[in-house]
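The values are calculated or read from the model by the stated rules, or taken from the named source; none is laboratory data. Just so we're clear, the structure is a prediction, and the values are computed from it rather than from any experiment. Reconstructed Cβ throughout: ideal geometry from the backbone, glycine too, with neighbour counts over all protein chains shown. Calculation scope for accessible area: heavy atoms of the full protein, side chains included, ligands and nucleic acids excluded. Shrake-Rupley method; radii C 1.70, N 1.55, O 1.52, S 1.80 Å.
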Amino acid sequence: MPRAEDNAAAVRTKAPRSFKTRLSDAALLVPSHDRDATGSGGSTGQAVAIAFVAALGFGVATFLGWAFSGSPLTGLVAGLVLEPLVTLAAWLGGSAAAWLVGARLAPPDARGRRFWPVARALAFAQTPNLVGALVILPPPFRGGVWLMARLWMLASSSAAIREALGLSGGRLLVTLFASAAVYTALLMGIFWVLSSIGVGSVASVHGIGGL
């Protein structure tokens, strides 16, 4: 006969995670979170929201940089509008690359994985971008924060891909590299296009430009 504690644990396991819990689990690389994000009960709406909110980490730094230099309107457009939108596009591109490459390298039981479960896991893997707000700190702290966010995001993305597609070892590294390469290329490409058409003030603190 099941014990009361077992029943309580089962209820907690089946209960949907709150948005705050999903954020903290993704940041702490909790494996059960990635399995939940890739499952049929995963929330695509929440995934899009976290990708947008996480992008605001660097976006806030961009906004503050322009605000302190006397151009708050530029900072508002660059940091709180364009920065998240560009990052959303990069997330979708990076997720597509991970799905296209990883699904072909995955074990047979994971090769039928659809796009959105992978994209959801990688959206929550962007949670470390929230620390990007600290990029506003003066050197040498700025570079340290940027590097920490990038390495942390690589670790969370690796965990997400591993759980979403059942990959490990060299196959995981190949998939992670493909996803990161497309993500970075899209960020750089879109910001370059914006700059080339005269919207140079949207240079991002992602390391592509400066404040």
Total formal charge among the other residues, if their Cβ is under 13 angstrom from that of W91, Lys/Arg +1 and Asp/Glu -1: 0
Local electrostatic count, R111, Cβ distance below 13 Å [Lys/Arg +1, Asp/Glu -1]: +3
Packing-based ranking, highest mean first, of 141-149, 67-75, 154-162 given that Cβ atoms within 10 Å are counted: 154-162, 141-149, 67-75
FRET E, pair A181, L73, Förster distance 41 Å, beta-carbon r, rounded to 0.05: 0.75
Surface accessible to a 1.4 Å probe, per residue, for the residues of region 134-189, Å²: 52 Å²
